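Peer 1: What follows is a structure written as C-alpha cells; I'll ask about it next.
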Amino acid sequence: MRRLKLLFIILLAVIVSCTNKEENKSETKSSDSATAFEFGVWTTANAKKSNEDYAKEFEKYKNAGIDEVLINTNTDPVLLNRIVPIAKEKGLKVHAWIMTMNRPGDSIALQHPEWYAVSKEGNSCYDTRPYVDYYQWLCPTREASRNHILGLIEGLAKVDGIESVHLDYIRYSDIFLPIGLLPKYNLKQETEMPEFDFCYCDVCIAEFEKLHHKNPLESENTSIDMEWKQFRLNRVRDIVNDAYEIVHKHDKKLTAAVFPYPEMADHMVRQRWDKWTIDEVYPMIYHGFYNEEIDWIGFATKQGVEDVKGTGIGINTGIFIPPFKSRQELEDAIMLAKNNGAKGITFFDGSALNPEHITVIRRAKDSFK
Ligand SMILES: [Zn+2]
C-alpha cells in the first residue's frame, strides 16, 4: 500500500512538472510576441484623396516595414470607415487619431463660445488664440464641452477594424513652449505667463473653490499653487479615464500622443500621463524641438518606461523626422528606443519619409526578425 502511495506521488510529480513545462512554453511564446518591436507612422487623411492614392500610400509604408498607421481624419468617422479596409488590406493596423482638447474649426463647438478655455488674463480661446490661430482649446471641466469631446471619441471608437482611438492634444495649451520653438515666436518664457495659462473660466474656478475654498485668481503666485496645478492635471486625467471606458465598451484600445516623459509633460502642458488609465502612449520625443541630441531619445524613452512600470502602459517612442541629419542618426534613434524599453517607434510623419529613411527602417525591421 505504501509503495502504491509512493508511486502515486511520483506520478503526480511527473504530471505537475510536465504541466509546468507546458506553461513555461506558452509564457515564452507570449513574451516573444510581446517583444516584437513595432514601427508606425502618423499621417493625415483628407476626403478628396482617392482610394487608389491611399492604397499607394499604405503600400509605401508596408514596403518600409511599417506595422501601423495613426490616421488623422479630422474626426470624420465616415472617412475613417472608408480608409480602414484599404490599410488593413495592406496588412497595416489603424489607429484613429483625434485632436482632443484643441479643436480648431470644430463647427459644433464654435456654436458654444462658453466651451472654450479662458486664460488667466480673462481671454477665451474662442476668439483670442495663444501662439497660433489653430490653438482653439476647449475647457476640460465643463460638462457640455467634455460630453462633446467624449461623443467624438465614441464616434471614432464605433468604426470597425480600428485598433485604438488615439488622443492627441490631450492636455492644456503650452504654458511653456519647447525651447527650440521660442525663437520662431520671438518669445522668452522664463515664468508662467498669464496669456498662456488656462483654464480660468467660471466653471473651473467654481469647481476648484468647492474643493479647496480659494480662488486661483486671488493667488499671489499660481505657479506654486500645487492644488491648482493638481486640479488641472486631474481634469485632463478624468477625460482620458472616461474615454478609456467608452472605447473599451466598443472593444477598442485607448492610446495617446503625449509629451516626452511625464514630469516634462506636467511642467510644459499640465499633462501627467503616467497616472492615466490608458493602454499605450506615443511620447513625442522630438529632439529638434528641444535642441537636444540623438541620445536624448534614449534618455526620454527610458524615463517614460520607468515611470509607467507596473501600470501595464506600453510606450512607443515618437520621433520627428525632419531634423535627422544622417542615416546613422535615424538608425541610432531606432536602437535607442528599442534598447531603452519602448515596444515600438513611430515616425512623424508618413509624408516626411524619403527613400533613404525607408531603407534604414526596412533594414532595422529585418534585423529584428
Ligand atoms: Zn474651464
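The values are calculated or read from the model by the stated rules, or taken from the named source; none is laboratory data. If you're wondering where the values come from, they're calculated on a predicted model, not measured in any experiment. Cβ: placed from backbone, ideal geometry, glycine included. Neighbour counts: every protein chain shown.
Peer 1: What number of residues in segment 114-124 are touching a strand residue (DSSP E or B) at 6+ places or on another chain (Cβ under 9 Å), more than 10 Å from the ligand (Cβ to nearest atom) and of a type outside the set (D, E, K, R)?
Peer 2: The qualifying residues number 1.
Peer 1: Residues of segment 119-161 being within 20 Å of residue 71 (Cβ to Cβ), touching a residue at least 60 places away in the same chain (Cβ under 8 Å) and not aliphatic (A, V, I, L, M), which ones?
Peer 2: 154, 155, 158, 160, 161, listed by residue number.
Peer 1: In segment 207-225, which residue that is in a helix (DSSP H, G or I) and buried (at least 16 other Cβ atoms within 10 Å of the Cβ) is farthest from the ligand (Cβ to nearest atom)?
Peer 2: This residue is 222.
Peer 1: Could I ask something else about it? Kindly provide the set of residues from segment 273-302 that are surrounded by 22 or more Cβ atoms within 10 Å (Cβ to Cβ) and within 12 Å of the chain's Cα centre (by Cα), ordered by number.
Peer 2: 273, 276, 278, 281, 282, 283, 285
Peer 1: While we're on this one: Given (1) surrounded by 15 or more Cβ atoms within 10 Å (Cβ to Cβ); (2) among the polar types (S, T, N, Q); (3) within 16 Å of the ligand (Cβ to nearest atom), where does residue 128 come up short, assuming only one miss?
Peer 2: It is condition (1) that residue 128 fails.
Peer 1: Now for a different question. Out of everything in segment 52-98 that is charged (D, E, K, R) and touching a residue at least 40 places away in the same chain (Cβ under 8 Å), what residue ends up being surrounded by the fewest Cβ atoms within 10 Å (Cβ to Cβ)?
Peer 2: 88
Peer 1: Same structure, new question: Just to be sure before I move on: is residue 269 closer than 21 Å to residue 301 by Cα, within 16 Å of the ligand (Cβ to nearest atom), surrounded by 15 or more Cβ atoms within 10 Å (Cβ to Cβ) and of a type outside the set (Phe, Trp, Tyr) in the structure I sent?
Peer 2: Judged against the criteria, residue 269 is a match.
Peer 1: All but one of (1) more than 10 Å from the ligand (Cβ to nearest atom); (2) closer than 15 Å to residue 146 by Cα hold for residue 204, so report the exception by its number.
Peer 2: Here residue 204 clears every test but (1).
Peer 1: Oh, and also: Return yes when residue 366 is closer than 21 Å to residue 97 by Cα and of a type in the set (Asp, Glu) and no when it is not.
Peer 2: So residue 366 fails the test.
Peer 1: Looking only at segment 352-365, count every residue that is part of a helix (DSSP H, G or I) and either of a type in the set (A, V, I, L, M) or modelled with pLDDT under 95 (or both) and tell me the total.
Peer 2: 5
Peer 1: Which one of these is outside any loop (DSSP other than H, G, I, E, B), out of contact with any strand residue (DSSP E or B) (no Cβ under 7 Å at 6 or more places or on another chain) and under 20 Å from residue 233 (Cβ atoms): 177, 167, 150, 182?
Peer 2: Answer to the selection: 150.
Peer 1: Okay, moving on. What do you reckon, is residue 311 under 19 Å from residue 99 (Cα atoms) and surrounded by fewer than 22 Cβ atoms within 10 Å (Cβ to Cβ)?
Peer 2: Spelling it out, it is not the case that residue 311 is under 19 Å from residue 99 (Cα atoms) and surrounded by fewer than 22 Cβ atoms within 10 Å (Cβ to Cβ).
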